[in-house]
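Reading through the structure tokens given below for one structure.
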Amino acid sequence: CSDLPDGFVYINDIDNSIKIDLRYSTENNFTGKVISGYNSNRAILSNDAAKALVYVQNDLIKMNLSLKIFDAYRPQMSVNYFINWSKDLSDTINKSIYYPTIKKSQLFQFGYIAERSGHSRGSTVDLTIVDNRTFRELDMGTPYDFFGPESATNFIGITDKQKSNRLLLLETMTRNGFKNYSKEWWHYTLKEEPFNNYFNFVIE
């Protein structure tokens, strides 16, 4: 599609083997609602980040594995939606799944939600690894978007298998030019980001 801003691409336009499950385009996320700005399940990234992701995918395919993307480019309007959601302390519909031990009022303070998200610069991606034979996600020890210390990439209180799955993701992403956000095993940003400004176009 040519209606994306210069320097952006739909990930599946350059590699359609990468699985896409944009949680914020569904009700299957920590708010329990579809998020403003997510009008489709089509993941968008900067050209540079998308190309680097293809290298990651090529490494995984050799092991009968695949990337699965939960979030990529995120419009600023979606970030604003999260901010407004966080202020309504009565709305805790999915607390037991996503933030059982943390007060909703503490999600910003503890760094799980930000008023400015690197996702809005277009080179940050949330993802996991899927087994291409079973189509199941590898066991990472917590669900995506679980807000708690257990989601820290090097959290020690998980099984050896869960640790090795996180390490596989970490090593494959790092080798191909990404850096991890240490509080979230799924969260990676391209080291050489092409944009330092925040975008607000809708995901169509």
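Limiting things to C-alpha atoms, what are the Rg and the maximum Cα-Cα separation (Dmax) for the chain, in angstroms?
16.1, 47
Run the dipole for the chain about the Cα centre, Lys and Arg Cβ at +1, Asp and Glu Cβ at -1, nothing else charged, and hand back the magnitude in debye, nearest 20.
Taking the Cα centre of the chain as origin, the dipole is about 440 debye.
What trypsin sites (Lys or Arg not before Pro) in the stretch 1-81 are in a loop by DSSP, with at most 14 other Cβ atoms within 10 Å of the Cβ?
LYS62
Under unit Cβ charges (Lys, Arg +1; Asp, Glu -1), what dipole magnitude, rounded to 20 debye, does the stretch 1-113 have relative to its Cα centre?
So the magnitude is around 460 debye.
In whole Hz and in residue order, list the ³J(HN,Hα) couplings for the stretch 53-68 that follow from phi through the Karplus curve 6.51 cos²θ - 1.76 cosθ + 1.60, θ = phi - 60°; x for Gly and Pro.
For the stretch 53-68, the Karplus curve yields 5, 5, 5, 4, 4, 4, 5, 6, 4, 4, 9, 6, 10, 8, 6, 10 Hz.
Please work out the C-alpha center-to-center distance from the stretch 69-96 to the stretch 6-32 and express it in whole Å.
16 Å
Taking a 19 Å limit on the Cα-Cα distance, which of the listed pairs LYS68/LYS95; LYS51/LYS179; LYS19/LYS191; LYS19/LYS51 fall beyond it?
LYS68/LYS95; LYS19/LYS191
Rounded to the nearest 500, what is the chain's calculated 222 nm mean residue ellipticity when only DSSP H runs of at least 4 contribute -39500 (n - 2.57) each, over all residues?
-7500 deg cm²/dmol
Please give the per residue accessible area of the stretch 85-124, computed with a probe of 1.4 Å over protein heavy atoms only, in Å².
With the other protein chains kept in place, the stretch 85-124 gives 52 Å² per residue.
So what's the net charge close to SER120: Lys and Arg +1, Asp and Glu -1, counting the other residues with Cβ under 15 Å from its Cβ?
So the surrounding residues net to -1.
May I ask you to list the trypsin sites (Lys or Arg not before Pro) in the stretch 170-204 that are in a DSSP loop and have at most 15 other Cβ atoms within 10 Å of their Cβ?
LYS191
Compute the distance from the alpha-carbon center of the stretch 153-184 to that of the stretch 37-59, in whole Å.
19 Å
Kirkwood Rh over alpha-carbon pairs of the stretch 1-105, then Stokes-Einstein at 20 °C and 1.002 mPa s: what D in µm² s⁻¹, rounded to an integer?
Reported coefficient: 139 µm²/s.
Can you tell me which of SER182, SER123, SER46 moves the most in a GNM of the chain? Springs connect C-alpha atoms under 10 Å apart.
SER182
The values are calculated or read from the model by the stated rules, or taken from the named source; none is laboratory data. Bear in mind the structure is a predicted one, so any value in this text is a computation, not a measurement. Virtual Cβ from ideal backbone geometry, glycine too; neighbours counted across all protein chains shown. Accessible surface is based on the protein model in full, side chains and every heavy atom, while ligands, DNA and RNA are left aside. Shrake-Rupley method; radii C 1.70, N 1.55, O 1.52, S 1.80 Å.
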